[in-house]
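Just so you know, all these numbers are worked out from the coordinates, no wet-lab data involved. Note that the coordinates shown come from a computational prediction; the quantities given were computed from them, not determined experimentally. Positions of Cβ are backbone-derived with ideal geometry, glycine not excepted, and every protein chain shown enters the neighbour counts.
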Amino acid sequence: MINRKAIGYITANYSGSTPSKLLEDRPLASVPFIGRYRLIDFPLSNMTNAGIKTVGLVMPGNYRSIIDHVGHGKDWMLDRKKGGLFLLPGNPYGTTKRGMRFLLRDIISNKSLFQRSDKPYVVMMGSNIIFNMDLNAIIDAHEASGAGITMIYVKAERAHNDINALNIGDRGRVQSIKVGCEYGDNKFLDCFIINRELLLEIIESYKSADYLDLFEAIAGDFDRIDVCSYEFKGLAVGIFNEETYYHRSMEMLDPATNDQLFMKDRPIRTKAHDAPPAKYSSGSNATNSLISAGCQIEGTVRGSILSRGVTVASGASVTNSIVMQGVKIETGARVENAIVDKNNIIPANTELRGTPDSILVIGKAPIE
């Protein structure tokens, strides 16, 4: 299926709201999620599931891990002669307010993506609020509305300072945007559809304000542009810092929650890895956990998420923790309420323990 109506634009050119050991040498978009995925997989998959075959991905300065993961887009069927995945340069982000993720400077400097297209619409997404939605239905609703922009939202299930809330008036029209949301607010999903000709008009009209976010720049013109809204009824998972990363990941251990994000008819694709199945030795014990291919489990794993190639030796235990690729947990070591980044070795009989309210974070081990 090829979508004849829209092209895609994904921005990965922003960082988390607070400093993090997890982001010292990777952007937020390439942070691993529940073992086998990365955050960038979700916007890419949403677009390709809708048949969008031209996607621009705006890169941050520390882009190496994104390029290593997405390559030419083959795993999302975007390695094409016509269209495909375009890795676009990003700009220094400047001083725009928190919660704003569509830097006008990036849009302007990559305007050739929009000029060369003959599709009437552009679907624009961030990469750290993840969901699985039927974009075709939303594109059709946008077309039927006659609006210039359709912003997608859910009812906020919790407060968060780094998510924007929409003030929606009559006929579903967006009147304004507020930085930060409270329980029950209209939480903007950093996903919207815009008429391509309108986007090109905005690029020309607001180029002197290129240091702003797109929605900061057009805030005074919402009535003229006619900004519409669309309520998404599914699960939307926002990851902004170590705390939200840990808790939103752990919620995926609930099958009912997991099933809202991973659907057979709209699969989430990721980079293919050739790895054997996880191996569980005699005497091992693994309960209520997500354990990826290539892991070797000789000890105990409870309520945890293990990425590819993790080793848990005999007598070792992992409880309520996220353990990333290639970590070795040696005999007798204990890891609890922790996030352990790639390639660390936890020595025998060592204890790493955080609390549910203060998660211990161990950064990525240096490459020797």
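Would you compute, from DSSP H runs of 4+ residues alone, the mean residue ellipticity of the chain at 222 nm, taking -39500 (n - 2.57) per run and dividing by the full residue count, rounded to the nearest 500?
Calculated mean residue ellipticity at 222 nm is -5000 deg cm²/dmol.
Output the 0 to 90 degree angle, nearest 10, between the alpha-carbon long axis of helix 196-205 and the longest principal axis computed from the alpha carbons of the chain.
On a 0 to 90 degree scale, this one is about 80.
What is the angle, in °, between the Cα long axis of helix 135-145 and the longest principal axis of the Cα atoms in the chain? Nearest 10 is fine, range 0 to 90.
Between helix and principal axis, roughly 20 degrees.
Over 28 Å between Cα atoms: which of 21/271; 178/207; 21/81; 53/279 fall into that group? Don't skip to the end; give the middle numbers.
Numbers: 21/271 24 Å; 178/207 23 Å; 21/81 39 Å; 53/279 38 Å.
Where the Cα-Cα span goes over 28 Å, the pairs concerned are 21/81; 53/279.
By average Cβ neighbour count within 10 Å, what is the ranking of 300-313, 348-361, 171-184 from highest down?
Numbers: 300-313: 23.1, 348-361: 13.4, 171-184: 15.6.
Going from most to least packed, we get 300-313, 171-184, 348-361.
With a ≥ b ≥ c taken as the square roots of the eigenvalues of the C-alpha gyration tensor of region 101-171, please select rounded if a/c is under 1.5 and otherwise prolate if a/b is larger than b/c or oblate if it is not? All intermediate terms of the calculation are to be shown ahead of the outcome.
Values: a/c = 1.86, a/b = 1.28, b/c = 1.45.
Oblate, because a/c is 1.5 or more while a/b does not exceed b/c.
How big is the dipole moment of the chain about its Cα centre under a simple scheme where the beta carbon of each Lys and Arg is +1, that of each Asp and Glu is -1, and everything else is neutral? Debye, nearest 20, please.
Working: 42 positive and 41 negative charges, 184 e Å.
It comes to approximately 880 debye.
Need one number: nm distance between label points at residue 175 and residue 24, each 7 Å from Cα along Cα→Cβ, rounded to one decimal.
Result for the modelled spin labels: 4.8 nm.
Expressed as an acute angle from 0 to 90° and rounded to the nearest 10, what is the orientation of the C-alpha long axis of helix 242-251 relative to the principal long axis of the chain?
Roughly 80 degrees between the two axes.
Please give the Cα centre distance for region 282-358 versus region 1-59, rounded to the nearest Å.
When both Cα centres are located, 27 Å separates them.
Quote the FRET efficiency, to the nearest 0.05, computed for residue 116 versus residue 260 with a Förster distance R0 of 41 Å and r equal to the Cβ-Cβ distance. Don't skip to the answer; put the middle values down first.
Values: r = 36 Å, r/R0 = 0.89.
E(calc), rounded to 0.05, equals 0.65.
Using a/c under 1.5 as the rounded threshold, could you call region 279-362 rounded, prolate or oblate? The axes a ≥ b ≥ c are square roots of the C-alpha gyration tensor eigenvalues, and prolate needs a/b larger than b/c, oblate otherwise. Before the final figure, lay out each step's value.
Working: a/c = 1.38, a/b = 1.32, b/c = 1.04.
Rounded is the answer for region 279-362, as its axis ratio a/c remains below 1.5.
Given the peptides 200-208, 321-329, 288-296, arrange them by the average over their residues of other C-beta atoms within 10 Å, most packed first. Each step should come with its number before you reach the end.
Working: 200-208: 14.3, 321-329: 24.2, 288-296: 19.4.
Going by the mean number of other Cβ atoms within 10 Å, highest first, we get 321-329, 288-296, 200-208.
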